[in-house]
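Below is one structure, written out as structure tokens; comments come after it.
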Amino acid sequence: MGNIVLFTLIIGIASALILIPFYKNDQLSKKESKHIKSGIIIAVVVILIPAVFAFYYFSNFDRNLSSLWPLAILLTAGGAVLSKGMERKIKGFLFVVSLIAGGYFLSAFIFNADEKYEIAKMDQKVEIKTFDETETPASVPPQFARNKMKKAFGQVPNTSYYELGNLQIQKVNGEYVYISPVEFSGFFKWWKGDQTPGYFSLSATDSSANPKFVKSEMVFTPSSFFNKNIERHMRMKYPKKIFYGDVQLEIDEEGKPFYIRSYGKFISARNGFDVEGIVVVDSKTGETKEYPLASVPDFIDGAVSPETVSLQNSYFGNFVHGFWNSKFGKSDVKLPSDEGTEANVSPIFGEDGVMYYFTDFTSPKEGVDSMLGYSLTNARTGKATYYTGNPDQSYMDSQGALQIIEKKFIEKKWHGQMPILYNFYGEASWLTPVLDSNGFLQNYFIVSAANPEISVYGVTPNEALKQYKTALQRGKGTVDGSSKAEDKQISGTVLRVYKEKSGDFTVVSFLLDNQKNYLISSEKAPLAIYLKEGDKVTVRYLETGEEFLPAKTIEIEGL
């Protein structure tokens, strides 16, 4: 508190010195001149100082001198008007300097576009690694998780005092979970309650799991007031830090809650943002520490705020050829999607257990749902990779995937949420949870980004994946394998054959004398339509462990 009081007093003294005229006016008596100066001092003390204090205290604005440029323009203008002679020229000069500084701050976004692009520049690759089909993607949608937590709110003591806070996904003890703090529902509830009782935890991979309320008292929270408000507490400890993005709850391996927030620096002239580290606060004791990104504690998954990543995506997509190109020519401009679940980005976890923010990019041309590429940003380091996708194929963007779901379930009025692009069996594919109008999860929808006519849905992600593999065999897609499926070859005799027409092609299922089933489409093996019982064949297939193994090639003896 002492820092903000001292900061406000310095501003008040400087304001008084600028506003008070020091010249002698022969037309005014000494008494009248004294009254004018006294009136200015009183106005500064009674009006300006409390207003400045209130602004910085309640807004949690950084207390750097550069934040004072609008006030400097007003004060120097007032000082020039109230003064005369040489004093007016000096204060007039200060007014002009303040105007120039204001123009610099206001126009910085035009001139620092190239620097923003360089800061946000990403490594480029063609395609993400193939998804391990033995794993389960973290695919429980936030809206559904939030609904389940609300229904379990009866577990919270003194329920009427509280409400559910913001949802945050993270990894705790090797499990992917949603975390949501219990927050105060208003000022008087905070006044009487003083501290919140804990937070909710819910699996992010198992839609049938139930929320668990974890008791852990929190004093410094986003819904607390005055100096117990978590953002204000951070600002009091670090008055000059440049924060960006909301505070986020992070749980350590023992279940203890901490609040974190990203800090960094302006690109230039109080414009733009480049992340440098985080501030971590013990939500019960208020103990505060700062960490550069390279030294972030292991339990923290989302060190870089989703708002920061969204901002960097905007820099990367818009400013490839500078500011004016982003407004007029738009050459090579790509717009980041706004379909993300947190600040237009979607948090997902990779096979390495690290959290990434996913975003797809589309064309600035209206009515086009073709995806230009997609990015994954490491949530701990801020390092991003941009994937161009297969150059021989045109990928549908996330909006296109959502539109397909809407048309598929138009009568039921179901909708998709949180579309994520995966590499399933070598095919770029959108996995999207489908919710009803009440926000309850109904199924998981998978559609090929390159071949939108190939789509399936299942009760669980893994069930949808099994159906998707079959659909790829039947359609125009290709099953190239997965990160765990071994490419094998076997020879044997056909015991049973089943053929099913699918569009322009035939799907052939057959049982070999090794008592294993195989599946192949006539699109890949046209001669498979002639397959019959007793044929001796050589099959190249993927050992996926499923009941029907996807065959890549088949050679029929005698054909």
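The values are calculated or read from the model by the stated rules, or taken from the named source; none is laboratory data. Worth saying up front: this structure is predicted, and the values here are computed from it rather than measured. Backbone-built Cβ (ideal geometry, glycine too); neighbour counts: all protein chains shown. Note: accessible area is taken over every heavy atom of the protein model, side chains too, but ligands, DNA and RNA are not part of it. Shrake-Rupley method; radii C 1.70, N 1.55, O 1.52, S 1.80 Å.
Annotations
- Selection from 384, 225, 266, by position along the positive dipole direction of the chain (Cβ): 225
- FRET efficiency for the pair residue 237 and residue 496, taken as 1/(1 + (r/R0)^6) with r the Cβ-Cβ distance and R0 = 45 Å, rounds to 0.05.
- Separation in nanometres of the label points that stand 7 Å from Cα toward Cβ, at residue 219 and residue 467: 5.3
- A Cβ-based charge dipole, computed about the Cα centre of region 500-554 with Lys and Arg at +1 and Asp and Glu at -1, lands at about 200 debye.
- Straight-line cross-link reach from residue 536 at under 22 Å between alpha-carbon atoms covers these lysines, not counting any fewer than eight positions away in the same chain: 488, 499, 516, 524, 552.
- Compared with the alpha-carbon gap, the fully stretched path from residue 288 to residue 84 is longer by 68.4 nm at 0.36 nm per residue.
- Accessible carbon and sulfur surface of the chain relative to its total accessible area, %, 1.4 Å: 55
- Cα→Cβ-extended label distance, 7 Å offset, between residue 127 and residue 487, nm: 1.2
- Multiplying the residue separation of residue 185 and residue 504 by 0.36 nm and subtracting their alpha-carbon distance yields 108.9 nm.
- Protection-proxy order for peptides 215-222, 360-367, each taking the mean of Cβ atoms within 10 Å per residue, highest first: 215-222, 360-367
- Rounded to the nearest whole angstrom, the semi-axes of the ellipsoid equivalent to the chain, taken from the Cα gyration tensor as √(5λ), stand at 61, 28, 18, largest first.
- Top positive-direction residue, dipole computed over the chain with Cβ charges, set 106, 314, 184: 106
- By the helix-only formula, in which each DSSP H run with n ≥ 4 contributes -39500 (n - 2.57) and the sum is divided by residues, the chain has a 222 nm mean residue ellipticity of -9000 deg cm²/dmol.
- Reach of residue 37 by Cα under 20 Å, taken over aspartates and glutamates that are not fewer than 8 positions away in the same chain: 26, 87
- Global form of region 75-165, assessed from the alpha-carbon gyration tensor, a/c cut-off 1.5: oblate
- Taking the DSSP bridge list for the chain and keeping only pairs wholly inside it, about 95 percent are antiparallel.
- Listed by chain and number, the aspartates and glutamates placed with their C-alpha closer than 19 angstrom to that of residue 212 are 163, 175, 183, 250, 252, 253, 254; residues fewer than eight positions away on the same chain are left out.
- Anisotropy class of region 355-417 from Cα gyration tensor, a/c 1.5 cut: oblate
- For region 130-173 and region 362-419, distance of Cα centres in Å: 24
- Anisotropy class of region 350-492 from Cα gyration tensor, a/c 1.5 cut: rounded
- Burial ranking of peptide ranges 292-302, 273-283 (average Cβ count within 10 Å, highest at the top): 273-283, 292-302
- Here r is the Cβ-Cβ distance between residue 557 and residue 390 and R0 is 45 Å; the resulting FRET efficiency, rounded to 0.05, is 0.80.
- Pair residue 206, residue 67: separation of 7 Å Cα→Cβ label points (nm): 4.6
- Violating pairs (Cα-Cα greater than 28 angstrom) within the set 189/241; 148/289; 189/215; 125/330: 189/241; 148/289
- Scanning the chain for DSSP H helices at least 30 Å long along the axis (C-alpha atoms) with a Kyte-Doolittle mean no lower than 0.5 picks out 85-111.
- The gain in end-to-end length when the residue 442 to residue 192 segment is fully stretched comes to 85.9 nm, 0.36 nm per residue minus the alpha carbon separation.
- Using the average count of surrounding beta-carbon atoms within 10 Å as a protection proxy, the listed peptides 413-423, 97-107 rank, highest first, as 413-423, 97-107.
- What you get for the chain, charging only the Cβ of Lys and Arg (+1) and of Asp and Glu (-1), is a dipole of about 2940 debye around the Cα centre.
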